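What follows draws every value from the coordinates through simple rules; no lab data is involved. Quick caveat: nothing in here was measured; it's all calculated off a predicted structure. Virtual Cβ from ideal backbone geometry, glycine too; neighbours counted across all protein chains shown.
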Amino acid sequence: MKELLANLKRVVGRGEPARVPARRVLFVCMGNICRSPTAEGVFRKLLAERAPELDVLVDSAGTHQYHTGHPPDPRAVRAAERRGVDLTALRARAVADRDFEHFELVLAMDQLNRHTLLDRAPPQYHGRIRLFLEFAPQLGRLDVPDPYYGGSTGFEYVLDLVEEASVGLVEHLKTTPLPNRE
């Protein structure tokens with residue numbers, strides 16, 4: 001972590017230090033083309049609208065490398081676009097080992113991906129790995145279903161769930177002390 005922060009703080013451009021975000025959140029699904037990029041886009045938009053004072057780095061990744069470098073699924077892009085969320089600049093990537101140290105919260109879209117992350121992460125980072133829907137207990141579910149093999153209504157349902165959990169996550173970040181960054 002110290003090396004990462006040192007690299008972020010080094011002098012860039014016109015002699016100004018790079019900004020180190022106060023908070024860092026990573027959304028994770030299996031392929032990083034449906035659920036996690038949707039969560040990234042929705043959460044970015046919600047932060048800008050409801051909590052611009054929060055300094056948060058937001059990213060997404062997949063537990064598998066099936067779609068590395070590819071844009072989000074066109075159905076996810078269209079569904080998000082109808083709600084004013086732009087996913088077109090996003091590209092799939094796989095979770096990297098450094099992500100467990102770098103991100104304060106690693107939010108899995110379902111229990112299978114959470115277990116995959118826990119199996120891969122060093123034990124000292126297990127507390128950072130949570131289910132995204134934990135931030136929307138009113139929904140009565142923990143998994144965001146994968147809409148990949150379903151119809152367009154599945155993408156709309158994912159957006160509904162992600163929007164609810166994003167509201168809860170913003171409130172969590174507003175009320176939780178910043179992590180210690182030594």
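Descriptive notes on the structure:
- Relative to its Kirkwood radius, the Cα radius of gyration of the chain gives an Rg/Rh of 0.96.
- Ranking of 106, 170 by neighbouring Cβ atoms within 10 Å, starting from the fewest: 170, 106.
- Formal net charge of residues neighbouring residue 75 (Cβ-Cβ distance under 13 Å; K, R +1; D, E -1): -1
- Whole-Å semi-axes of the stretch 22-85's equivalent ellipsoid (Cα gyration tensor): 21, 16, 7
- With the Kirkwood sum run over all distinct C-alpha pairs, the stretch 79-182 has a hydrodynamic radius of 15.3 Å.
- Cα centroid separation, the stretch 103-182 to the stretch 43-77 (Å): 12 Å
- Among 160, 146, the ranking by other beta carbons within 10 Å of each residue's beta carbon, starting with the fewest, stands as 160, 146.
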